[in-house]
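Student: Got a structure here, written out as structure tokens. Questions coming.
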Amino acid sequence: MTTLMLTLPTDVAKAAVQTVVTTATPPPVAPAGDHHSLAIALFAVVVLVTLGVTLWVGRQGNAAEDFFAGGRDFTPLQNGFALSGDYLSAASFLGVAGLIALYGYDGVLYSIGFLVAWLVVLMLVAELVRNAGRYTLADVLALRLRRRKVRAAAGGASVVVTLLYLVAQMVGAGSLVALLLGTGSPHARTWTIIAVGALMIVYVTIGGMRATTWIQIIKAFLLTGGSVLLTVLLVVRFHGDLGELMRQAAQHSGAGHRYLEPGLKYGGSITSRLDFVSLGLGLVLGTAGLPHILSRFYTVPTARAARRSTMWAIGLVGSFYLMAIVLGLGATALIGSAEVRHANSAGNTAVPLLALMLGGGNGSTGGVVLFALISAIAFATILAVVAGLTLASSAAFAHDIWAGAWRARPGQVQTKQGRGRRRRGEAVPASRSEESTSEVSEQQEVVVARIAAAGIGATAIVISLFAQHLNVAFLVGLAFAVAASSNLPVLLYSLFWSRFTVRGAVWAVYGGLIPAIVLVFFSPVVSGSAEALFPGLDFHWFPLENPGIVSIPLGFLAGWVGTVTSAEPTDPDRFAELEVRSLTGAGAA
């Protein structure tokens, strides 16, 4: 979950919030000095601890398996925490509760897609990807489609997805940290973006997957602990009566019983309902195609461990969203929807303001400490997520694009180490005459990955600096839509369709990637509305903000058309090899 939570409400929801006067208790306005100083001190502690972990872990191994897969020695519980840490960002912590505080039932609907998505991951890809791949998504495809253009397409799509996700996280980091520190200064947002970008480069280049995983574990522990603390304090505040909590929330929502019923946000028109369906499709299906999530399955030793990791992640993520529902209701009951929205139009201050209230209110020591603690947890989540994204994008560039496509040479036989020439005098089978692998060593791949991490990080910083004044929430929705439109079709076709060909793989990737980007460019998110990226222009013709309802079927359709129109014969031996390996783990890395 991500800065997708920053999306602005529909016209109906705006009217509902603006036209009703709330009777809630005045919100606990944060004091001007103490909590900011304490928050900065706790931010510094988070940075020092994570840097210490990175430096300590970074000395334990420099092999490719250490850098890309963390040595494959993490336990299912550890990897489950890391998976949930990768998945739950600052906007999950702040945004989900904020949406529930503003829109009640519809805010709960928003979060369901992110939880249901893990069932897709568990049932369809967790074990199979762990067995069939090595470091990246393209490794799964290359097991039966050993072509440079397949690796280039899959690697390129992975870089696009992670970069979109990364920019949105960094811009959100600038806004949220400035908000939590009580300043609207553009300089504060700018330096926050630069600092977060510099830290993520250090985490990845020095520590690789080992350090990133431990940072995710620490972040997940802090996030879960903070949520449990606030939830317990809130339940005690209402003497364990959740029914009274819901009644108070409805009373102070400004919408009465409509707050507890569907339609407050997504029921305004047919277009808004289609947008919700489109968004839901992207969220449910996109998670199984997110590169930084898929790469986590390579950090455990076996496929069984990968499945158990996913089950731990489902439990942790599910528990978090249950607590987020309670916290959102609590913010509405104690503060009021109108005041939450007055502090931040997307509701992202709901949890910090609730913490201030539960700690004793404005001016109290408990309130200041709790507010600063929640702010530091939000900052830790930002650092952890951007580190995971940077590692995934640098791995895709170094392992797939640079080593697997650009430096590959035709006529070589792929080995487990990703390199090696055909033996002298050995005939090349006709069906494999164009297969290719890289001659570079794994150590060279690691060096390129570290350089790529610095380059991708610098690129993300520059883009984020230019985008910090714009509404970039659509970037995360687009990241999920692109992942569901391009990565998921090619992954499922490769794993389950014996007739799938190279042309089908390339068409599936680009057939989902290009429509998703084009449709968003011509959507109301970019032009034609007051909240658009370019509010003064209007060249939109696509009515929905999220393209998933169109681009996802196009990705699957393009893969099917490319396969059935391909003259290239399929290789049943390769599919049999993939099927046996993915289902049994025989020959897995």
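Student: Identify, from the list T563, T570, T501, T584, the residue that is among the hydroxyl-bearing types (S, T, Y) and either open to solvent by 70 Å² or more (accessible area, probe 1.4 Å) or without any contact (Cβ under 8 Å) to a residue 40 or more places away in the chain (or both).
Tutor: T584
Student: I'm trying to understand the selection: among the residues of region 460-494, which are at pLDDT 90 or above and either open to solvent by 10 Å² or more (accessible area, probe 1.4 Å) or not aliphatic (A, V, I, L, M) (or both)?
Tutor: Within region 460-494, S485, S486, N487, P489, L492, Y493, S494 qualify.
Student: Looking only at residues in region 42-64 that are free of Cβ contacts under 8 Å to residues at least 60 places away in the same chain and part of a helix (DSSP H, G or I), which one is surrounded by the most Cβ atoms within 10 Å (Cβ to Cβ)?
Tutor: Per the stated criteria, the residue is W56.
Student: Hey, can you tell me all the residues within region 382-402 that are open to solvent by 10 Å² or more (accessible area, probe 1.4 Å) and among the β-branched types (V, I, T)?
Tutor: Once the filter is applied, which keeps residues that are open to solvent by 10 Å² or more (accessible area, probe 1.4 Å) and among the β-branched types (V, I, T), region 382-402 yields only I401.
Student: Residue by residue through region 271-294, note down the ones that are open to solvent by 10 Å² or more (accessible area, probe 1.4 Å), more than 14 Å from A157 (Cβ to Cβ) and in contact with a helix residue (DSSP H, G or I) (Cβ under 8 Å, 6 or more places away or on another chain).
Tutor: The answer is S272, L274, F276, V277, L279, G280, L281, V284, L285.
Student: Same structure, new question: Just one of A117, A101 is more than 18 Å from the chain's Cα centre (by Cα) and surrounded by 24 or more Cβ atoms within 10 Å (Cβ to Cβ); which is it?
Tutor: When all the criteria are applied, what remains is A101.
Student: Within region 299-314, track down each residue that is open to solvent by 30 Å² or more (accessible area, probe 1.4 Å) and over 15 Å from L88 (Cβ atoms).
Tutor: Answer for region 299-314, where residues must be open to solvent by 30 Å² or more (accessible area, probe 1.4 Å) and over 15 Å from L88 (Cβ atoms): P301, T302, R304, R307, R308, M311.
Student: Taking region 171-193 as the region of interest, how many residues are modelled with pLDDT of 75 or more and in contact with a Lys or Arg (Cβ under 7 Å, 6 or more places away or on another chain)?
Tutor: 1
Student: Could you list, in sequence order, the residues of region 136-180 that are outside any helix (DSSP H, G or I), surrounded by fewer than 24 Cβ atoms within 10 Å (Cβ to Cβ) and out of contact with any Leu (no Cβ under 8 Å at 6 or more places or on another chain)?
Tutor: R146, R147
Student: Another question, then. Do we have L533 as in contact with a strand residue (DSSP E or B) (Cβ under 6 Å, 6 or more places away or on another chain) and not charged (D, E, K, R) here?
Tutor: no
Student: Here is a list of conditions, (1) within 21 Å of the chain's Cα centre (by Cα); (2) farther than 25 Å from G280 by Cβ; (3) of a type in the set (S, T, N, Q), and N487 meets all of them except one; can you say which number that is?
Tutor: In the conditions (1) within 21 Å of the chain's Cα centre (by Cα); (2) farther than 25 Å from G280 by Cβ; (3) of a type in the set (S, T, N, Q), N487 misses (2) alone.
Student: Still on this structure: Looking for something open to solvent by 30 Å² or more (accessible area, probe 1.4 Å) and either at pLDDT 70 or above or in contact with a Lys or Arg (Cβ under 7 Å, 6 or more places away or on another chain) (or both) - is there at least one such residue anywhere in region 1-20?
Tutor: The answer is yes; a qualifying residue exists.
Results for (1) open to solvent by 10 Å² or more (accessible area, probe 1.4 Å); (2) assigned to a helix (DSSP H, G or I); (3) farther than 18 Å from Y105 by Cα; (4) in contact with a Gly (Cβ under 8 Å, 6 or more places away or on another chain), shown as yes or no for each residue.
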position: L316; (1), (2), (3), (4): yes, yes, yes, yes
position: A324; (1), (2), (3), (4): no, yes, no, no
position: V340; (1), (2), (3), (4): no, yes, no, yes
position: V351; (1), (2), (3), (4): no, yes, no, yes
position: G367; (1), (2), (3), (4): no, yes, yes, yes
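Student: Still on this structure, I have one more. Within region 65-89, can you find the residues that are more than 15 Å from V317 (Cβ to Cβ) and surrounded by 24 or more Cβ atoms within 10 Å (Cβ to Cβ)?
Tutor: F67, F68, A69, G70, F74
Student: Just checking, how many residues over region 530-539 are of a type in the set (F, W, Y) and open to solvent by 80 Å² or more (accessible area, probe 1.4 Å)?
Tutor: Residues flagged as of a type in the set (F, W, Y) and open to solvent by 80 Å² or more (accessible area, probe 1.4 Å) within region 530-539 amount to 1.
Student: I need a count of the residues in region 187-220 that are closer than 25 Å to S319 by Cβ and open to solvent by less than 10 Å² (accessible area, probe 1.4 Å).
Tutor: So the answer is 6.
Student: Out of L234, L229, L223, report the one residue that is in a helix (DSSP H, G or I), buried (at least 24 other Cβ atoms within 10 Å of the Cβ) and not hydroxyl-bearing (S, T, Y).
Tutor: Testing whether each residue is in a helix (DSSP H, G or I), buried (at least 24 other Cβ atoms within 10 Å of the Cβ) and not hydroxyl-bearing (S, T, Y) leaves just L223.
Student: When only residues in region 540-560 that are assigned to a loop (DSSP other than H, G, I, E, B) and touching a helix residue (DSSP H, G or I) at 6+ places or on another chain (Cβ under 8 Å) count, which is surrounded by the most Cβ atoms within 10 Å (Cβ to Cβ)?
Tutor: Here the residue is P547.
The values are calculated or read from the model by the stated rules, or taken from the named source; none is laboratory data. This is a predicted model, so every value here is computed, not measured. For neighbour counting, all protein chains shown are included, and Cβ atoms are generated from backbone atoms with ideal geometry for every residue, glycine included. When the accessible area is computed, the model is the full protein with side chains, heavy atoms only, and any ligands, DNA or RNA have been set aside. Shrake-Rupley method; radii C 1.70, N 1.55, O 1.52, S 1.80 Å.
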